[in-house]
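See structure below.
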Amino acid sequence: MRTKRTIENLGSLNRKALAKFEPFLQEVEAFLAPKNVRVEVISGLRSWAAQAALYAQGRTKPGRIVTKARPGSSWHNYGLAIDLGLFSEGVYLDERAPGRADALYKQIGTIAAKHGIEWAGNWKSFQETPHFQTTFGLTLAAARQRLQEVNFDIQKLL
Ligand SMILES: [Zn+2]
């Protein structure tokens, strides 16, 4: 059973991205179920304003730095990225058992590759193990220009 949060975050995505994420997520759910781990989609589309607030965290606002992406520089701003969260018996593994979470993410990253989805755990700098994206060959510069052309309607991006 998926949570409301997962369903809403999936529903926020660009539909073509969702069509790639859905079978990926089903495979991840099947992989995790026997391990008594549940996956949640904790973030989907993020507005440019929300991205600005997130970017400020750890820089001009309190907290730890959680993103390197300025508004328009994250694939979340285009509905082409998701962040996962791993839970076991109500425990958020990403925070409470990061070693176990990272080991699972490594395997989830392998599943993602099969589905043509990019895993941020493979990035050279600032790895974000819960982050997965699919960019359809777009560059951020092209996506930014295109989104402005379609009046920020992420469904018209692709
Ligand atoms: Zn992310």
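Identify, please: which residue in segment 69-101 is in a loop (DSSP other than H, G, I, E, B) and more than 30 Å from Leu147 (Cβ to Cβ) and is, among those, nearest to the ligand (Cβ to nearest atom)?
Top of the filtered list is Ala97.
Search segment 121-142 for residues being at pLDDT 90 or above, over 17 Å from Leu84 (Cβ atoms) and part of a loop (DSSP other than H, G, I, E, B), and hand back the single one that is nearest to the ligand (Cβ to nearest atom).
Thr135
Let me spell it out: the conditions are (1) among the aliphatic types (A, V, I, L, M); (2) modelled with pLDDT of 95 or more; (3) out of contact with any helix residue (DSSP H, G or I) (no Cβ under 6 Å at 6 or more places or on another chain); (4) within 16 Å of the ligand (Cβ to nearest atom), and Leu104 meets all of them except one. Which number is the exception?
(4)
With respect to Gln145, is the statement that it is part of a helix (DSSP H, G or I) and either away from the ligand (no atom under 12 Å from the Cβ) or on the phi > 0 side of the Ramachandran plot (or both) true?
Here the answer is yes, as Gln145 does meet what is asked.
Go through segment 4-58 and report how many residues are in contact (Cβ under 8 Å) with a residue 24 or more places away in the chain, open to solvent by 40 Å² or more (accessible area, probe 1.4 Å) and polar (S, T, N, Q).
Summing the residues that are in contact (Cβ under 8 Å) with a residue 24 or more places away in the chain, open to solvent by 40 Å² or more (accessible area, probe 1.4 Å) and polar (S, T, N, Q) in segment 4-58 gives 2.
Output the qualifying pairs, or none if there are none: Cβ atoms under 8 angstrom, residues six or more apart or on different chains, first residue in segment 77-95 and without any contact (Cβ under 8 Å) to a residue 40 or more places away in the chain and hydroxyl-bearing (Ser, Thr, Tyr), second residue open to solvent by 30 Å² or more (accessible area, probe 1.4 Å) and within 16 Å of the ligand (Cβ to nearest atom).
From segment 77-95, no pairs qualify.
Applying the selection to segment 127-140, what residues are surrounded by fewer than 17 Cβ atoms within 10 Å (Cβ to Cβ) and over 12 Å from Tyr78 (Cα atoms)?
Result: Gln127, Gly137.
Kindly indicate the residue of segment 116-126 that is out of contact with any strand residue (DSSP E or B) (no Cβ under 9 Å at 6 or more places or on another chain) and of a type outside the set (A, V, I, L, M, F, W, C) and also most open to solvent (accessible area, probe 1.4 Å) among those meeting that condition.
That would be Lys124.
The values are calculated or read from the model by the stated rules, or taken from the named source; none is laboratory data. The structure displayed is predicted, hence computed values, not measured ones. Because the Cβ atoms are built from the backbone with ideal geometry, glycine has one as well, and the counts that use them run over all protein chains shown. Note: accessible area is taken over every heavy atom of the protein model, side chains too, but ligands, DNA and RNA are not part of it. Shrake-Rupley method; radii C 1.70, N 1.55, O 1.52, S 1.80 Å.
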